[in-house]
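The values are calculated or read from the model by the stated rules, or taken from the named source; none is laboratory data. Only a predicted model underlies this, so the values are computations on that prediction, with no experimental measurement involved. Note that we place each Cβ from the backbone using ideal geometry, even for glycine, and neighbour counts take in every protein chain shown. Ligands, DNA and RNA are excluded from the accessible area calculation, which covers all protein heavy atoms including side chains. Shrake-Rupley method; radii C 1.70, N 1.55, O 1.52, S 1.80 Å.
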Amino acid sequence: MTTRGNLKVLSALDGAKTQWYHFTAIVIAGMGFFTDAYDLFCISLVTKMLGRIYYTKTGSPKPGSLPPNVSAMVNGVALVGTLSGQLFFGWLGDKLGRKKVYGITLMLMCLCSIASGLSFGHTPKTVMTTLCFFRFWLGFGIGGDYPLSATIMSEYSNKKTRGGFIAAVFAMQGFGILGGGVFAIIVSSVFDTKFKAPPYEVDPVGSTAPEADYVWRIILMVGALPALLTFYSRSKMPETPRYTALVAKNASKAASDMSKVLHMEIESEQQKIDVTPEKNFGLFSKEFLKRHGLHLLGTTTTWFLLDIAFYSQNLFQKDIFTAIGWIPPAKTMNAIEEVYRIARAQTLIALCSTVPGYWFTVFLIDKIGRFTIQLIGFSMMTIFMFALAFPYNHWTRPENNIKFVVMYSLTFFFANFGPNTTTFVVPAEIFPARVRSTCHGISAASGKLGAMVGAFGFLCLAQNQDPAKTDAGYPAGIGVKNSLIVLGVVNFLGTLCTFLVPESKGKSLEEMSGETEKENTLQP
């Protein structure tokens, strides 16, 4: 009787003490997520400026804003690209290996970040078309980073602290969001001081300084820097030992690679790989459906429901802040000042709730478990969303603005100390090595489908019920209050779907995936 799960190289990984290479892997993979979050969320900072620069109508009492179809494209095209990249690179990571594909996604992110800021053309249509084109391919590269970073980190980690390591990679998103906000504050402050312009209500034309066109381009392009800093390190990372041993069937190479990393001698045991019968059931086989069908349903539905709520809040939080009076009316500011105000609000939310929520998960996930954190997160998001929604008119009174922001921040805290992190961690732990990257990609793509529903649906749903009070080009919606009630129901459904997801705390990847099940080996 033998099993690949008993390979000494895998046992050495599972029992390894936390070492320098763990932190190196976290930084290398985490900087990719810093860039991912920066690029995906910084567009929300500049959409109002794009509206002022390219869509202001002469004589209008309010500054220009992006038409609904253009706004949907600019905000959502990177999400479409991300979904496509998650599916494609997730599959490719299982076919070619994690390392071979990892560098491709990084270069795609870097090139398209820079190209987004260089979007060319003399008319609004050409500028928006080229911007959307490059942001689609930017999203495609970002999408690949999800399954590959999660899988690489999980396959390098020991079983005692694996959850914290994977969560730490994902937690770099919080710093990416924070970094985007801080950089936008700096750039807008410098430009507003250097090129002072009057508010729109004083001088509609002069309120948008010609130099404002540089502001949004600089903010978008800087997203390439963190990824560029880690390109060399990514190219030098060895293939994960679990892929090398269990998928490529080269236990000798896996042992050799890990002997160098762990600074210890590890027996190759190639003979175990050679004599162990294959269990290569595919993703669409009855065996996979029997063993992991409910698990995949659980990871896809929870991520889908989470991202409906998370992205509708995050991409459009500037609209919520405007609605409660935390950001002044657009006509009282110039174009660059508006970017500063939105960036300041977003940065405050990131600093007070988003970043702490991520790191609470990092430190507690291996102590209280993935299931418990996800259940608490969805439950608290449901409670806070309903608490915001039902007395919504109470929160919109000027004396209650700060209290509203605190409540709103708590929903972000429990999203990140909850399902936003655990939905990323769990798919990298519970599926077999040969389909691990693919299944993570499918789960993540389901999430991005939810993000599109949240991002596009909230734009329309949150419109005022009075057609005369809606934003230009939008039909009447159900209002912010009713939209928050809908999001509360979505979070409650996420709480229920959490019961489909197994707990992986303290177990090896092979235990979770069933790859340690003993089988009779062929007798010589």
Report summary line: Under the rule rounded for a/c under 1.5, else prolate if a/b exceeds b/c, else oblate, using alpha carbon gyration tensor axes a ≥ b ≥ c, the stretch 74-185 is classed as oblate
Query raised in the report: If a helix is a whole DSSP H run, which ones in the chain reach 18 Å or further along their own axis (Cα) and hold a mean Kyte-Doolittle hydropathy of at least 1.6?
Result: none
Report task. Normalising by the residue count of the chain, find the relative contact order in percent from Cα pairs under 8 Å and 6+ residues apart. Result -> 25
**Report entry** Shape box of the stretch 155-207 [Cα atoms, principal axes, largest first, Å]
**Finding:** 62, 19, 12
Query - Neighbourhood net charge (12 Å Cβ-Cβ; Lys/Arg +1, Asp/Glu -1) for T396 - result: +2
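Need one word for the stretch 1-104: rounded, prolate or oblate. Basis is the Cα gyration tensor (sqrt eigenvalues a ≥ b ≥ c); a/c below 1.5 gives rounded, then a/b vs b/c decides.
Cα axes put the stretch 1-104 in the prolate bin.
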Report task. Over all directions, average the projected area of the Cα convex hull of the stretch 386-448 and note it in nm². Result -> 5.3
Query raised in the report: For the chain, what is the charge dipole size about the Cα centre, in debye to the nearest 20, if Lys and Arg each add +1 at the Cβ and Asp and Glu each add -1 at the Cβ?
Result: 100
Report task. Using only the alpha carbons, work out the radius of gyration and Dmax of the stretch 132-289 in angstrom. Result -> 24.4, 81
Report summary line: the chain accessible area per residue, 1.4 Å probe, protein heavy atoms, integer Å², reads 39
Query raised in the report: How much space per residue, in cubic angstrom, does the convex hull of the C-alpha atoms of the stretch 334-415 take up?
Result: 99
Requested in this report: May I ask you to list the lysines whose Cα is less than 23 Å away from that of K100, ignoring any residue fewer than eight positions away on the same chain?
Outcome: K236, K249, K253, K260
Report summary line: Checking rank on 8-15, 439-446, with mean other Cβ inside 10 Å and highest first, the result is 439-446, 8-15
Query raised in the report: Which lysines have a Cα less than 22 Å from the Cα of K286, not counting those fewer than 8 places away in the same chain?
Result: K95, K518
Query raised in the report: Which shape class, rounded, prolate or oblate, goes with the stretch 131-180 when its Cα gyration tensor gives a ≥ b ≥ c as root eigenvalues, a/c under 1.5 marks rounded, and past that a/b bigger than b/c marks prolate?
Result: oblate
Query - Sorted peptide list for 296-307, 143-154, criterion being average Cβ within 10 angstrom, highest first - result: 143-154, 296-307
Query raised in the report: Summing +1 for each Lys or Arg and -1 for each Asp or Glu, what net charge is found among the other residues whose Cβ lies under 9 Å from the Cβ of V425?
Result: +1
Report task. Give me the net charge of G176's neighbourhood, meaning all other residues with Cβ under 12 Å from the Cβ of G176; Lys, Arg count +1, Asp, Glu -1. Result -> -3
Query raised in the report: Over the chain, one equal point on each Cα, no solvent: what is log10 I(q)/I(0) by the Debye formula at q = 0.07, 0.09, 0.11 Å⁻¹?
Result: -0.40, -0.63, -0.91
Query raised in the report: Quick one: which of 332-339, 347-354 comes out on top by average Cβ neighbours within 10 Å, and what's the full order, highest first?
Result: 332-339, 347-354
Report summary line: Restricting to lysines and to Cα separations under 30 Å from K196, and discarding same-chain partners fewer than 8 apart, the set is K48, K57, K62, K125, K318, K331
Report summary line: One checks the Cα atoms of the stretch 341-481 and finds Rg and Dmax, in Å, of 17.9, 57
